[in-house]
1. For the subset of the stretch 47-82 comprising residues that are of a type in the set (S, T, N, Q) and touching a residue at least 40 places away in the same chain (Cβ under 8 Å), which member is surrounded by the fewest Cβ atoms within 10 Å (Cβ to Cβ)?
2. Take the stretch 61-82 and flag every residue that is part of a loop (DSSP other than H, G, I, E, B) and over 22 Å from Ala101 (Cβ atoms).
3. Across the stretch 83-97, what is the number of residues that are outside any helix (DSSP H, G or I) and open to solvent by less than 30 Å² (accessible area, probe 1.4 Å)?
4. Search the stretch 121-136 for residues being open to solvent by 80 Å² or more (accessible area, probe 1.4 Å) and not aromatic (Phe, Trp, Tyr), and hand back the single one that is nearest to Asp66 (Cα to Cα).
5. Specify which of the listed residues (Val147, Val163) is of a type in the set (A, V, I, L, M, F, W, C), open to solvent by 90 Å² or more (accessible area, probe 1.4 Å) and at pLDDT below 85.
6. How many residues does the stretch 98-120 contain that are surrounded by fewer than 17 Cβ atoms within 10 Å (Cβ to Cβ) and either among the basic types (Lys, Arg) or within 21 Å of Ala45 (Cβ to Cβ) (or both)?
7. What are the residues in the stretch 24-63 that are among the aromatic types (Phe, Trp, Tyr) and within 17 Å of Met81 (Cβ to Cβ), if any?
8. Which residue pairs have Cβ atoms under 8 Å apart, sit 6 or more places apart or on different chains, and have a first residue in the stretch 15-39 that is over 17 Å from Thr107 (Cα atoms) and part of a helix (DSSP H, G or I) and a second that is open to solvent by less than 50 Å² (accessible area, probe 1.4 Å) and not acidic (Asp, Glu)?
Amino acid sequence: EVERPAVYDVRPERAIMDMLQWTHDFGEARGMAYDLALLYGEEAARAAGETGPAPGLLRWLEVVGDHGMPCAFVTTFSREMMEPLLEAQGIAEWLQATVCAEDGMETRAHQLLSAAVKLARPPRSCVTFTADPQMVVAAHNCTMKAVGLAEQRYEDMLWMRDVREGPEGVGLVGLRTA
């Protein structure tokens, strides 16, 4: 049995072939990964249409944009699927770059470094906002700063933390090292 965290930081094709061993044909694995991305994309579009952007997100993007800080959006979904979703949410106007599945990044660290290159910024001058604890680790490994947005599903992974209320009800979590 494959431990779930082991499949988080690899491309779906590699997980299908190397970890799950559903097939050894790369073309077939790519087809499976594409079908999975379509299912996720349909669900994400449906959910986004019902809920809209996260509370406070557009305000944060406005403040960042007013200060001339470029923003990038990083996802494992296809550009074809994400662009209309970002437009509908009113987020696209604040983005100067996107890193999507077509960019072929294999790990979270590669995705973040690609975003830094597209923004023409050194990684140490970038900040990653994410709800994924492993993306926080990838950002730190790339010498980026990271802001981890706490979600209920990751609560058990935040073993040493200070939690306090932030702007517009956002919970701020300060992770400490042992």
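The values are calculated or read from the model by the stated rules, or taken from the named source; none is laboratory data. Bear in mind that the values here come from a model prediction, so they are computed numbers and not experimental data. Note that each Cβ is placed from the backbone with ideal geometry, even for glycine, and that neighbours are counted across all protein chains shown. Heavy atoms of the whole protein, side chains included, go into the accessibility calculation; ligands, DNA and RNA do not. Shrake-Rupley method; radii C 1.70, N 1.55, O 1.52, S 1.80 Å.
1. Let us first name the residues in the stretch 47-82 that are of a type in the set (S, T, N, Q), namely 51, 75-76, 78.
Keeping just the survivors that are touching a residue at least 40 places away in the same chain (Cβ under 8 Å) gives 76, 78.
Working: Thr76: 17, Ser78: 15.
Per the stated criteria, the residue is Ser78.
2. From the stretch 61-82, those part of a loop (DSSP other than H, G, I, E, B) are 67-71, 75-78; that's our starting set.
Residues satisfying the conditions are His67, Gly68, Met69.
3. Let us first name the residues in the stretch 83-97 that are outside any helix (DSSP H, G or I), namely 90-91, 95-97.
Still in the running and open to solvent by less than 30 Å² (accessible area, probe 1.4 Å): 90-91, 97.
Qualifying residue count for the region: 3.
4. Going through the stretch 121-136, the residues open to solvent by 80 Å² or more (accessible area, probe 1.4 Å) turn out to be 121, 124, 129.
Now drop any that are not not aromatic (Phe, Trp, Tyr), which leaves 121, 124.
Numbers: Arg121: 18, Arg124: 21 Å.
Among those residues, the one meeting the criterion is Arg121.
5. On the way: Val147 fails: open to solvent by 90 Å² or more (accessible area, probe 1.4 Å).
Testing whether each residue is of a type in the set (A, V, I, L, M, F, W, C), open to solvent by 90 Å² or more (accessible area, probe 1.4 Å) and at pLDDT below 85 leaves just Val163.
6. The qualifying residues number 3.
7. Start the filter on the stretch 24-63 by keeping residues that are among the aromatic types (Phe, Trp, Tyr), which leaves 26, 34, 40, 60.
Matches in the stretch 24-63: Tyr34, Tyr40.
8. Phe26/Met17; Ala29/Ile16; Ala29/Met17; Ala29/Thr23; Met32/Ile16; Met32/Thr23; Leu38/Met81
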